[in-house]
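Nothing in this text is a laboratory measurement; each read-out follows from the coordinates by a stated rule. Note that this is a predicted model, so its numbers are computed, not measured. Cβ atoms come from the backbone with ideal geometry, glycine included; neighbour counts cover every protein chain shown.
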Amino acid sequence: MNISGVAAVVTGGASGLGEATARALAAAGAKVAIFDMNEVRGAEVAAEIGGIACKVDVRSDADVDAGFAKARAAHGQERILVNCAGVGSAFKTASRDKTTGEIKHFPLDKFDLVIQINLIGTFRCIAKSAAGMLSLEKLEDGFRGAIVNTASVAAEDGQIGQAAYSASKGGVVGMTLPIARDLSGDGIRVNAILPGIFATPLMNAAPEHVKGALAASVPFPKRLGYPEEYASLALEMIRNNYFNGEDVRLDGAIRMAPR
């Protein structure tokens with residue numbers, strides 16, 4: 001697929017993996033719309049890449065509908081969707097406080113929040129984008145569009161405290177193939193990337209000794225992943241018309257320990 005001149009939407013595009021992907025798509029000539037809760041940073045990135053920013057909470061039908069309407073009014077119907085919006089969590093399923101002896105379980109509202117954003121929010125954007133793509137004429141190979149989802153290595157080897165996060169990302173992996181099959185007859189491809197430990201703003205805020213230990217745990221190369229490396233794989237999934245229904249780890253061969 002030739003990306004130049006094509007409309008694209010990147011959720012979570014104001015920072016981290018989403019920002020790197022938005023910048024890479026724009027550098028390849030795409031017309032990029034950024035969906036993000038951070039309205040100020042989204043506008044800054046959009047201005048720098050010649051795109052458009054839309055304040056969108058992927059948990060909201062109204063927000064997502066309004067975001068697509070704004071993006072399509074500016075750039076036309078998107079043929080590319082990259083889902084990077086997400087949130088993490090860290091709570092044990094149940095535990096006893098070593099000091100007080102109090103027994104607690106994973107706060108269910110926090111579990112629900114992670115599922116709503118990472119899994120249902122991703123599906124919401126896919127369903128609405130794919131419905132829009134069906135209005136487009138087919139290109140070469142009967143192609144209409146390409147969707148890239150962001151899962152995580154936690155989908156396969158989640159750590160202590162990651163029950164909600166792993167469930168949400170495992171759901172993204174689990175739905176990618178059936179969605180690809182759902183949409184294959186209409187020329188829309190769907191793939192997922194499972195990133196390992198990447199140098200995102202959240203990770204960069206960690207103490208240096210923590211980042212150093214994490215980098216050392218990667219078999220090779222012994223460093224955190226660069227967001228640009230995620231973006232590179234996302235663009236390959238978009239460009240390569242035979243790339244479909246795949247879940248690809250991008251992790252330096254790491255397999256996460258329990259903690």
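Restrict the check to region 51-62 and report whether at least one residue is under 29 Å from residue 224 (Cα atoms), among the small types (Gly, Ala, Ser), touching a residue at least 12 places away in the same chain (Cβ under 8 Å) and in a helix (DSSP H, G or I).
Checked region 51-62: no residue is under 29 Å from residue 224 (Cα atoms), among the small types (Gly, Ala, Ser), touching a residue at least 12 places away in the same chain (Cβ under 8 Å) and in a helix (DSSP H, G or I).
Could you please find all residues in region 158-188 being hydroxyl-bearing (Ser, Thr, Tyr) and closer than 18 Å to residue 112 by Cα? Let's see the steps before the verdict.
First, the residues of region 158-188 that are hydroxyl-bearing (Ser, Thr, Tyr): 165-166, 168, 176, 184.
The answer is 165, 166, 168.
Hey, can you tell me all the residues within region 1-44 that are more than 11 Å from residue 231 (Cα to Cα), touching a residue at least 40 places away in the same chain (Cβ under 8 Å) and among the small types (Gly, Ala, Ser)?
7, 8, 12, 13, 15, 28, 30, 33
What number goes with the only condition from (1) hydroxyl-bearing (Ser, Thr, Tyr); (2) over 16 Å from residue 257 (Cα atoms); (3) in contact (Cβ under 8 Å) with a residue 24 or more places away in the chain that residue 242 does not pass?
(3)
Residue check: is residue 107 surrounded by fewer than 17 Cβ atoms within 10 Å (Cβ to Cβ) and free of Cβ contacts under 8 Å to residues at least 12 places away in the same chain?
Numbers: surrounded by fewer than 17 Cβ atoms within 10 Å (Cβ to Cβ): yes; free of Cβ contacts under 8 Å to residues at least 12 places away in the same chain: no.
Spelling it out, it is not the case that residue 107 is surrounded by fewer than 17 Cβ atoms within 10 Å (Cβ to Cβ) and free of Cβ contacts under 8 Å to residues at least 12 places away in the same chain.
If you go through region 37-50, how many residues are assigned to a helix (DSSP H, G or I) and under 14 Å from residue 7 (Cα atoms)?
Let us first name the residues in region 37-50 that are assigned to a helix (DSSP H, G or I), namely 39-49.
Subset that is under 14 Å from residue 7 (Cα atoms): 46, 49.
Here the count works out to 2.
Residue 224 is checked against (1) under 20 Å from residue 155 (Cα atoms); (2) within 14 Å of the chain's Cα centre (by Cα) and fails just one. What number does that condition carry?
Result: residue 224 passes all but (2).
Out of everything in region 162-178 that is surrounded by 23 or more Cβ atoms within 10 Å (Cβ to Cβ) and not polar (S, T, N, Q), what residue ends up being farthest from the chain's Cα centre (by Cα)?
Per the stated criteria, the residue is 164.
Inspect region 20-36 for any residue being part of a loop (DSSP other than H, G, I, E, B), out of contact with any helix residue (DSSP H, G or I) (no Cβ under 8 Å at 6 or more places or on another chain) and surrounded by fewer than 18 Cβ atoms within 10 Å (Cβ to Cβ) and give the result as yes or no. Write out each step before concluding.
Residues of region 20-36 that are part of a loop (DSSP other than H, G, I, E, B), as a first pass: 28-30.
When the remaining residues are screened for being out of contact with any helix residue (DSSP H, G or I) (no Cβ under 8 Å at 6 or more places or on another chain), the result is 29-30.
Keeping just the survivors that are surrounded by fewer than 18 Cβ atoms within 10 Å (Cβ to Cβ) gives 29.
Looking for residues that are part of a loop (DSSP other than H, G, I, E, B), out of contact with any helix residue (DSSP H, G or I) (no Cβ under 8 Å at 6 or more places or on another chain) and surrounded by fewer than 18 Cβ atoms within 10 Å (Cβ to Cβ), one finds at least one in region 20-36, hence yes.
In the list 226, 230, 165, which residue meets the criterion of being under 30 Å from residue 137 (Cα atoms), of a type in the set (Phe, Trp, Tyr) and touching a helix residue (DSSP H, G or I) at 6+ places or on another chain (Cβ under 9 Å)?
Numbers: 226 fails: under 30 Å from residue 137 (Cα atoms); 165 fails: under 30 Å from residue 137 (Cα atoms).
Within the list 226, 230, 165, the selection yields 230.
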